[in-house]
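All remarks here apply to the structure that follows.
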Amino acid sequence: MIPKFRAWEHDVKYMNDQVRITYNNFGSNKIFVEVTEGFGWKDVDEKYLMQSTGLHDVNGKEIFEGDIVQCWYEKGFVVMRQGSWFIETDKEHLGALYEYSDEARVIGNIHEHPELLIQPKQ
């Protein structure tokens, strides 16, 4: 599988799927996204880079790192831990993503919809 990425452009509040990762002569990796207005590329902070998990939700939507998913009555976000994809909340680890992908539904992502992770007070 060829790795697929997307990146959140924090300054313009846009999810960009035109991502290029390059290696420079100084030994550091750079992440570039195609600019949303005009022409060319700009660099993006690594914390805004999200890799595809290679899995799809119940509606056939591709699941990426940082996506917020609904599994039955629980909501969590997708993270990579020790080489595997997991669903977590701010308080607990729900389990491996592959175990839930048949029931999971992508409802947003942590950059565009962080309010979806706020649990109502009981």
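Quick notes on this structure:
- Counted by neighbouring Cβ atoms within 10 Å, the residues D67, D17, D102, D57 run from fewest to most as D102, D17, D57, D67.
- When only alpha carbons of the chain are considered, Rg and Dmax amount to 15.6, 54 Å.
- Between E115 and K13, the simple label model (points 7 Å from Cα in the Cβ direction) yields a spacing of 1.1 nm.
- Between Y100, Y48, Y14, the GNM of the chain built on Cα springs shorter than 10 angstrom shows Y14 fluctuating the most.
- Of all lysines in the structure, the ones whose alpha carbon falls short of 18 Å from that of K30, not counting any fewer than 8 places away in one chain, are K4, K42, K47.
- Compared with the alpha-carbon gap, the fully stretched path from E34 to K4 is longer by 9.3 nm at 0.36 nm per residue.
- When the Gaussian network model of the chain links Cα atoms closer than 10 Å, the mean-square fluctuations of G76, G108, G54 top out at G54.
- Dividing the summed helix terms, -39500 (n - 2.57) for each DSSP H run of n ≥ 4, by the number of residues in the chain produces a 222 nm estimate of -500 deg cm²/dmol to the nearest 500.
Every number here is computed from the coordinates shown, using simple stated rules; none is lab data. Only a predicted model underlies this, so the values are computations on that prediction, with no experimental measurement involved. All Cβ positions, even for glycine, are placed from backbone atoms using ideal geometry, and neighbour counts span all protein chains on display.
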